[in-house]
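Below is one structure; the comments refer to it alone.
Just so you know, all these numbers are worked out from the coordinates, no wet-lab data involved. Fair warning: this is a prediction, and the values are worked out from it, not measured in the lab. Every residue, glycine as well, gets a Cβ built from its backbone with ideal geometry; the counts of neighbours run over all protein chains shown.
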Amino acid sequence: MTVKAGEPKSRLDPEPVPRRDFLGLAALWAMAGAFLFSLAGMLRLPKAAVLSSPAKKFSVNLPDALADGEAFVPPGRAVALFRDGEGVHAVSLICTHLGCVVKPGPEGFECPCHGSRFKSDGEVVAGPAPRALPWIKVSSKGGAWVVDEDVKVPAGTKEKA
Amino acid sequence: MSTPITQEHAALQTFRENLLAAPRRLLDATFRSGKPTTDRTRSTFVFGNVFLHLHAVRTHRWNLRWTTTMGLGIASTAAFLITLITGVLLMFYYKPYPDAAYDSIKDIHFVVPTGRFIRNIHRWAANVMVVAVLLHMARTFYTGAYRKPREFNWLIGMGLLVTTLGLSFTGYLLPWDQLAYWAITIGANIAQSPREVTDALNLTDNFDPGGFQRLLLLGSDVVGDEALIRFYLLHVMILPLALVMLMAVHFWRIRKDGGMVRPVDADQRLAPRSGETYPVFTEAPQKTYQLAAIVKGKTGVVGRGPENTVPSMPHLFYAELAVLMLTVLICVALSLVSDAPLKELANPAVPENPAKAPWYFLGLQEMVAFSAFMGGIGIPGIVLVGLGLIPFLDREEKGTGDWFGGPGGWPLVRRTIPFGFGIAILIEAYVIRFGWLREWFPSIPQLVITLINPGTLLTLAYALYSVWLVRRHNSTRAGALGLFTCFLCGFIVLTIIGTYFRGPNWVFYWSPADWPKH
């Protein structure tokens, strides 16, 4: 950078960026870029490619004495199975509000946490739940029923034995 | 001939003297300036010590008045130190794996010597810390201490509040009992609740921040071992580190922002000083000063009159020690009276009924019981943004440093309290008696239910009230005084209803004695 004679230059005047400074800045930005890139890499860590969760597919035998419209909840599962003249269907018992396990009753389902109530087909009747309880895929297999909690089916889908 | 022997004797003699003097010299080497008996040694006592030198060597007498700070900041720090020490002790036995976690807490409670006592103190100190931090924020607000130049420290303080609540909440999961398991299930689903909005807008397949937040917290699609290890990591490592860093900035900024806030006429209002202490500067400074460099910011102390200060050692430090001791006393006393709870082992099939979060979240839970997104994320977000904006909207100067200072003052706050309590109780009573939107209009769109929560109405009522105050008093501070007071009232009402008047299925009961038996 040159300063012409007889033309005093204040230190506060803006200067064009000299080459050396430009290289320095380029290095700085390259470093910032590298940091951002590695940060993006590290941010991928918290989500594993395979999530650890219990198996969602299980098989269950319905008791013969199960009445029409009566709920059967397999032990340790948040699913209710029903049997009627049209076949068998399963409704998820996980409240769509905040994930509590709803309790099947004669008129539908009740959530113990914040009082959401659902009809027996899963429709929301009262409370804060934003969606109906989803229906879950059941299929018959050699007299038993296979339930797959990961597969949702439209409400009203019933499976014949 | 005899010279070497004498020299040997002399060396031995010196060795003996040095050995005897070692304890005294160790003390001298540690505390180089000697006993803090004069103004000079009292100063070196402060700045010669790495732990104390965050303090100024002299403290304004206004700061030492009980009503200036009520010691709430120190009480928060003290409670944090107590949780830090007891927390490290608990880590000797705690195992962050689902069923082992529950067993290890049971061991700590019933087998480990002093284990129950240490766990109680840890739990009570955490509660004391939440209370102290909230009260400290109220003190800072009502004395106008957030105003310029302390805006940034107010924001750091909000970060500390959020981190404190985060620490408490993550600690709630660790016992892996029913209470913990269902509180975390609810918490994680609140994190997922933006999905209510994206669902209503049909966006969830492409844009699902809610699901991402839940996955980030739980590391799985269920609350299990991954969730426990994440909450443990947050509780013992990430959040404490964040808290310590924020605390360091918070304390440092107090000094850099000019110390504790005090009214401009503080010196006139203080009683005359006692004879023991001396002013730092003479009445009329004789020296002239020259600016050696152009620097931004405040100039150094030049040409100021006598300062109404006293040495921090002993005046400030003894006051701080007293607050520390009082905090320890409160935590220990509460720990002797009341044990930390431990319910049955977590059972993912049967929710605790009612499943209640820690008490300071029960106000939120009360709102969440109407819609998860607005109650759990929307309104808390609005409150945080509002609190953060206060110092940037209130640029007034009148009343800084005085309790309830500024236009309107205490009479305004006094009139606001019944309004704040009244409207919160009114809205809650109406909703409890007559139900909410879905009961009235069964086919109402979900988005309306998600966004219009009784809490939304309450927030709106408070906001309109404070806008009216701004107009009436022609002052932003008046509006802020009203809004903050309303916020405290609403927080108290919702928390009390959530804590004492909600039973199984989140139904309103006048007393737990009326809860249905099963």
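Here are the numbers:
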read-out: Simple Cβ-charge dipole of chain B, Lys/Arg +1 and Asp/Glu -1, about Cα centre, in debye nearest 20; value: 1920 debye
read-out: Among the listed pairs A:K152/B:K95; A:K56/A:K119; A:K47/A:K160; A:K137/B:K95; A:K47/A:K152, those beyond 28 Å (Cα-Cα); value: A:K152/B:K95; A:K47/A:K160; A:K137/B:K95
read-out: Calculated from backbone phi, Karplus (6.51, -1.76, 1.60) coupling profile of segment B:449-461 in Hz, x at Gly/Pro; value: 5, 4, 8, 9, 10, x, x, 4, 4, 4, 4, 5, 4
read-out: Packing-based exposure ordering (other Cβ within 10 Å, fewest first) of B:E344, A:E110, B:E151; value: B:E344, B:E151, A:E110
read-out: Among A:G41, A:G69, A:G85, residue whose mean-square fluctuation peaks in a GNM of chain A (springs only between Cα atoms under 10 Å); value: A:G41
read-out: Long-range HN-HN contacts of B:G399 with modeled amide H, under 5 Å; value: B:G406
read-out: Spin-label model distance (nm) - B:F212 vs A:V125, 7 Å beyond Cα toward Cβ; value: 3.9 nm
read-out: Per-residue ³J(HN,Hα) for segment B:146-155, Karplus 6.51 cos²θ - 1.76 cosθ + 1.60, θ = phi - 60°, Hz, x for Gly and Pro; value: 7, 5, 2, x, 9, 4, 5, 5, 4, 5
read-out: Dipole of segment A:57-153, positive direction: furthest Cα of A:P63, A:P104, A:G115, with charges on the beta-carbon; value: A:G115
read-out: Amide H contacts of A:V153 (H built 1.01 Å from N, under 5 Å, at least 5 apart or other chain); value: A:W135, A:I136, A:K137
read-out: As computed over segment B:1-76, the Cα convex hull volume per residue (Å³); value: 130 Å³
read-out: Neighbour-limited loop hits for chymotrypsin sites (Phe, Trp or Tyr not before Pro), segment B:1-96 (at most 14 other Cβ within 10 Å; DSSP other than H, G, I, E, B); value: B:F51, B:F92
read-out: For B:R58, distant residues with modelled amide H under 5 Å away; value: B:S312
read-out: Fewest-first ranking of B:D103, A:D64, using other Cβ atoms within 10 Å as the exposure measure; value: A:D64, B:D103
read-out: Spin-label pair A:V17/A:K160, simplified geometry with 7 Å Cα→Cβ offset, distance in nm; value: 7.6 nm
read-out: Globularity index of segment B:451-515, i.e. its alpha-carbon radius of gyration over 2.2 N^0.38 Å; value: 1.47
read-out: Between helix B:72-90 and chain B: long-axis angle, C-alpha atoms, 0 to 90°, nearest 10; value: 80 degrees
read-out: Kirkwood Rh (inverse of mean 1/r, distinct Cα pairs), the protein assembly as shown, angstrom; value: 30.1 Å
read-out: Acute angle (nearest 10 degrees) that the helix A:19-43 long axis makes with the longest principal axis of chain A, alpha-carbon atoms; value: 10 degrees
read-out: Overall Cα dimensions of segment B:367-518 - principal axes, largest extent first, Å; value: 59, 37, 22
read-out: Cβ-Cβ FRET estimate between B:F508 and B:A138, R0 fixed at 30 Å, reported to 0.05; value: 0.55
read-out: Angle between chain B longest axis and helix B:115-142 axis [Cα atoms, degrees, rounded to 10]; value: 90 degrees
read-out: Calculated log₁₀ intensity ratio I(q)/I(0) where the Debye formula runs over C-alpha points of chain A, q = 0.11, 0.12, 0.20 Å⁻¹; value: -0.59, -0.66, -1.23
read-out: Whole-Hz ³J(HN,Hα) from phi, Karplus 6.51 cos²θ - 1.76 cosθ + 1.60, for segment B:35-44, glycine and proline x; value: 5, x, 10, 10, 4, 5, 6, 5, 5, 5
read-out: Debye, to nearest 20: dipole size of the protein assembly as shown, +1 on Lys, Arg Cβ, -1 on Asp, Glu Cβ; value: 2460 debye
read-out: Assigned charges on the beta-carbon of Lys, Arg, Asp, Glu; segment B:367-518 dipole about Cα centre (debye); value: 180 debye
read-out: Cysteines without a disulfide-compatible neighbour (Cβ-Cβ under 4.7 Å), chain A; value: none
